[in-house]
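These notes concern the structure reproduced below.
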Amino acid sequence: MRKWMTVITAVTLTASLAACSSKTDTEQTKASTKPEATTAPASATAAPAAKAPVEITFWGDWGGEGEKQFVMMADAFNKSQDKIKVKYVLQEDMITKFLTAASSGGSPDVMFWDRWRTSLYASKNVLHPIDDYMKRDNIKRTDYYDEALKELSAGDKLYGLPLTVDARALFYNKKLFAEKGLQPPKTWEELETAAKALTIWEGDKLVRSGMSMNDNGLFNMWLQQAGGSMMSGDMKKTNFNNEQGKQVLDFWDKLINKDKVYKVGFEKGLGEGTDAFVTGKVAMTYTGPWMLSTYKKYGKDLDFGVVPPPTGPSGGKGSVMGGFGLVIPAGSKHKDEAWEFEKWWLANKDNALLWAKTSMNLPGFKPALQDPFFKDDPNWKPFMDTLEFAKIRPQHPGYSVMEVDGLMPNLDLFVQGKQDAATTLKKGQEQGDKLLDQNAAGK
Amino acid sequence: MASVSKLSRHQSRMGYLFITPTIFLFVIFTIIPVIMALYLSFTNYDIVSKNDFIGIDNYKRLADDPIFWTTLKNVLFYSVLYIPLNIIISLSMAVLFMRKRIGVKLFRTAGYLPTLTSGVAAATVWIWLLNPEYGLVNELLSKIGITGPSWLAEMPYAMLSIVFVTLWQSVGANMIIYLAGLNGVPDHLYESAKLDGANAWQSFRYMTWPVLRPTTFFVSTMSIIGALQLFDQAFVLTKGGPANSTKTTVYYIYQQGFGQLQMGYADAMAFALSLIILVFSLLNMKLNKEDESII
């Protein structure tokens, strides 16, 4: 008799343990949605009103200040009407979480979206196209940058609207430029002259670099300045193993190895407050509008200016456009409501501006960009000029792998002087093409 | 007699009962996922939309993937440096801190401290320390007239830096294991060795080292597994660069699975890696079983 009792206890113990483990799962998801308590009081007061609003979830991976700004937008939207209630949920590892959610239910209704991902994900049918909504509500495509919309499209379908637009431009240290009597460069030649004049070496120690050559990933924009493009017109093969690619590498070689305006690894490990540009250890650097607030915050003594990227030998202009958007996952149960929110935020001048000004981002909605806040500011203006010619990354699901694993390792070898330009381009092409092929959709 | 066998039968039954919950969880969270992953490695699973059986295509692609081979070469290079150094350093630390001297506890604590920091946090600090112009390491080197390299951005140094940082972080834990092992060597053995006229090196070589064999076996096996699964430090310190020289297999698995949505292929790589770990662990076991000592 007693034996059976123990058997039963053991079985129940096992069962309860198993139950526990599944319970903690749901508790965890609950806990992760909790921090948005700021939105809760609003719902508590609104609830008794006639009809309960439809609640939709909005996922993003921006925490801290970014989270506050998103919550503010959700609150503003919730106050503007009483049919839909948006709740921001911070997902630190959003994409991974989204993948499991997309295949097992529990998908969010709106998602903050790094646009370059579209070509990889849209082909998996996890995003909901918004073309019908656009037509129904008469949203004009001309209100957005073509390139930004293109980056949110796959096939003939559009999957979201741009939230921000950005592109890299040249930041320069005004004080250092004035000391040497230099003007911000407009061409590669002027860039080289300025960089050479501003570099300081003490023996074999680099004290100040004239131009940051930290990021080989910017090859794409240099190539555009040389008049080239990363991929062939049919988006199947790489297209940098040619004269234009060689021009870029030759120029890099000149800057790094002959003029010695930079040292490989110079900026590694320097964080926000000790950033080489903030502390004047780098006189010029290519970066995007996202650094404006950092440079203003940390660089009390830093007087900087921004100009569009200098042009290449044959006058080519080039920069890479990027940015974020909002998308509606295919698994959303309230797509119409999600669209209302997206439209309210991204196709309305006031709302687009509200977030853009608070978060210090260039809005994707063009009419909002016409606001004096952006148009007349000497720091924002160069970015807007740059956006006129900036191009998005080529739309191929394997593009980033090709760039990161195929091309950049070869560029690393090149800037360290371990591989010549011709070999670099040739190997970059061979390995890049292979990766493009292996990572093409449908494979 | 009958009562004894009854008792043992009762005991074994209770034993099984008690391990049931653990086994149950182990099956659900370990065995079943492993079997599923094995199946998925023969599919083109992309997490969301596709899951077709494609035979050994993933494994064929693996054989033909230069990046996969590069990552294997990288972790093997890392292991060859890391594992022996790890054993030598942690054992010497243990032998050194075994003696009862004033302040030895402080040294033990200091040796163990790095183990307590998270891999990512430690790596973040080391990036800064290893900066070529402003980092502490090169600053100190320049005091003795050496121009240090760009540790994390230049080819042979990047992997050496990772070896160094991971060693810094892991020798403390192994030191503790060796200290425990050293405590198991009976004092009277040392005394009789001394009487026989053995010097310190001889008593270490012919007594301590053989007695520590199981400990060394444990430490080396864990180091092999850890080394082949290197991820955090390589991810934070160098992002696999420069020129893929510090890209590790686990990093590549992560990138292909979650970045490129090629989970089937990532699974195939994971199985290839676990096979390699198995081979090296067996090899290590073989080496440690030999009656003749290794050194």
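The values are calculated or read from the model by the stated rules, or taken from the named source; none is laboratory data. Bear in mind the structure is a predicted one, so any value in this text is a computation, not a measurement. Every residue, glycine among them, receives a Cβ derived from its backbone with ideal geometry; neighbour counts consider all protein chains shown. Side chains are part of the model used for accessible areas, which takes the heavy atoms of the whole protein and leaves out ligands, DNA and RNA. Shrake-Rupley method; radii C 1.70, N 1.55, O 1.52, S 1.80 Å.
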Legend entry - Filter pass, B:TRP168 being free of Cβ contacts under 8 Å to residues at least 24 places away in the same chain, closer than 18 Å to B:ILE88 by Cβ, more than 14 Å from chain A (Cβ to nearest Cβ) and not small (Gly, Ala, Ser): no
Legend entry - Scan of the stretch A:224-277 for residues that are in contact with a Phe, Trp or Tyr (Cβ under 8 Å, 6 or more places away or on another chain), more than 30 Å from B:TYR134 (Cα to Cα) and among the β-branched types (Val, Ile, Thr), ordered by number: none
Inset, instruction - Please list, ordered by first then second residue, the pairs with beta carbon atoms under 6 Å, 6 or more apart or interchain, first in the stretch B:177-205 and in a loop (DSSP other than H, G, I, E, B), second open to solvent by 40 Å² or more (accessible area, probe 1.4 Å). - result: B:VAL185/B:VAL211
Legend entry - Where A:THR187 falls short, out of the listed (1) in contact with a Pro (Cβ under 8 Å, 6 or more places away or on another chain); (2) open to solvent by less than 20 Å² (accessible area, probe 1.4 Å); (3) at pLDDT 95 or above: (2)
Inset, instruction - Having 1 or more residues that are β-branched (Val, Ile, Thr) and modelled with pLDDT of 95 or more is the bar; report the helices (runs of 4 or more DSSP H) wholly within the stretch A:345-443 that clear it. - result: A:381-387, A:421-438
Inset, instruction - Please identify the pairs in which a residue from the stretch B:133-153 that is closer than 17 Å to A:LYS281 by Cβ has its Cβ atom under 7 Å from the Cβ atom of a residue that is of a type in the set (A, V, I, L, M, F, W, C) and open to solvent by less than 10 Å² (accessible area, probe 1.4 Å), counting only partners at least 6 apart or on another chain. - result: B:GLU133/A:LEU206; B:GLU133/A:PHE266
Inset, instruction - Considering every residue within the stretch B:205-222, establish whether at least one is touching a Ser or Thr at 6+ places or on another chain (Cβ under 6 Å) and modelled with pLDDT of 90 or more. - result: yes
Inset, instruction - Starting from the stretch A:187-198, keep only residues that are without any contact (Cβ under 8 Å) to a residue 24 or more places away in the chain, then list their pairs with residues that are part of a helix (DSSP H, G or I) and polar (S, T, N, Q) whose Cβ atoms are within a distance under 7 Å, requiring at least 6 positions of separation or different chains. - result: none
Inset, instruction - Quickly run through the stretch A:215-242 and pick out the residues that are among the acidic types (Asp, Glu) and without any contact (Cβ under 8 Å) to a residue 12 or more places away in the chain. - result: A:ASP234
Inset, instruction - Could you figure out which of (1) modelled with pLDDT of 90 or more; (2) touching a Phe, Trp or Tyr at 6+ places or on another chain (Cβ under 6 Å) isn't true of B:LYS60? - result: (2)
Inset, instruction - Kindly indicate which of B:ASN44, B:ASN51 is under 11 Å from B:TYR265 (Cα atoms) and either open to solvent by less than 80 Å² (accessible area, probe 1.4 Å) or in contact with a helix residue (DSSP H, G or I) (Cβ under 6 Å, 6 or more places away or on another chain) (or both). - result: B:ASN44
Legend entry - Answer residue from the stretch B:139-159, given it is more than 9 Å from every other protein chain (Cβ to nearest Cβ), under 16 Å from A:LEU206 (Cβ atoms) and not hydrophobic (A, V, I, L, M, F, W, C) and is farthest from the chain's Cα centre (by Cα) among those: B:GLU139
Inset, instruction - Run down B:ALA94, B:ALA110 and say which single residue is among the aliphatic types (A, V, I, L, M), surrounded by fewer than 16 Cβ atoms within 10 Å (Cβ to Cβ), part of a helix (DSSP H, G or I) and modelled with pLDDT under 95. - result: B:ALA110
Inset, instruction - Considering only the stretch B:137-151, state which residues are in contact with a helix residue (DSSP H, G or I) (Cβ under 8 Å, 6 or more places away or on another chain) and modelled with pLDDT under 90. - result: B:THR147, B:GLY148, B:PRO149, B:SER150
Inset, instruction - Determine the pairs where a residue that is over 25 Å from B:THR115 (Cβ atoms) and away from chain A (no Cβ under 11 Å), located within the stretch B:230-258, has a partner that is surrounded by 20 or more Cβ atoms within 10 Å (Cβ to Cβ) and at pLDDT below 90 with Cβ atoms under 8 Å apart, the partner being 6 or more residues away or on another chain. - result: none
Legend entry - In the stretch A:216-256, residue modelled with the highest pLDDT [restricted to those that are under 27 Å from A:LYS268 (Cα atoms) and of a type in the set (Val, Ile, Thr)]: A:VAL248
Inset, instruction - Assess whether B:TYR112 counts as being more than 14 Å from every other protein chain (Cβ to nearest Cβ) and aromatic (Phe, Trp, Tyr). - result: yes
Inset, instruction - Quick one: A:GLY322 ticks every box in (1) closer than 30 Å to A:GLN247 by Cα; (2) without any contact (Cβ under 8 Å) to a residue 60 or more places away in the chain; (3) surrounded by fewer than 23 Cβ atoms within 10 Å (Cβ to Cβ); (4) in contact with a helix residue (DSSP H, G or I) (Cβ under 9 Å, 6 or more places away or on another chain) except a single one, so which number is it? - result: (2)
Inset, instruction - Could you look through the stretch A:130-166, keep only residues that are among the β-branched types (Val, Ile, Thr) and more than 11 Å from A:LYS366 (Cα to Cα), and pick out the one that is surrounded by the fewest Cβ atoms within 10 Å (Cβ to Cβ)? - result: A:ILE139
Inset, instruction - Give just the number: which of (1) away from chain B (no Cβ under 11 Å); (2) out of contact with any helix residue (DSSP H, G or I) (no Cβ under 7 Å at 6 or more places or on another chain); (3) over 24 Å from A:ASP215 (Cβ atoms) does A:LEU387 not satisfy? - result: (3)
Inset, instruction - Answer yes or no: is there a residue in the stretch A:393-416 that is hydrophobic (A, V, I, L, M, F, W, C) and surrounded by fewer than 16 Cβ atoms within 10 Å (Cβ to Cβ). - result: no
Legend entry - Flag for A:ALA276 being within 14 Å of another protein chain (Cβ to nearest Cβ) and open to solvent by 30 Å² or more (accessible area, probe 1.4 Å): no
Inset, instruction - Read through the list (1) away from every other protein chain (no Cβ under 14 Å); (2) surrounded by 18 or more Cβ atoms within 10 Å (Cβ to Cβ), then give the number of the only condition that B:LEU130 fails. - result: (1)
Inset, instruction - Please work out if B:THR43 is touching a strand residue (DSSP E or B) at 6+ places or on another chain (Cβ under 8 Å), within 14 Å of another protein chain (Cβ to nearest Cβ) and more than 30 Å from B:PRO210 (Cα to Cα). - result: yes
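Matching residues to (1) farther than 17 Å from A:ASP215 by Cα; (2) surrounded by fewer than 21 Cβ atoms within 10 Å (Cβ to Cβ); (3) in the same structural domain as A:ASN173 (by TED's automatic domain parsing):
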site	(1), (2), (3)
A:ALA283	no, no, yes
A:LEU292	yes, yes, yes
A:LYS297	yes, yes, yes
A:LEU302	yes, yes, yes
A:GLY316	yes, yes, yes
A:LEU326	yes, no, no
A:PRO329	yes, no, no
A:SER332	yes, no, no
A:ALA338	yes, no, no
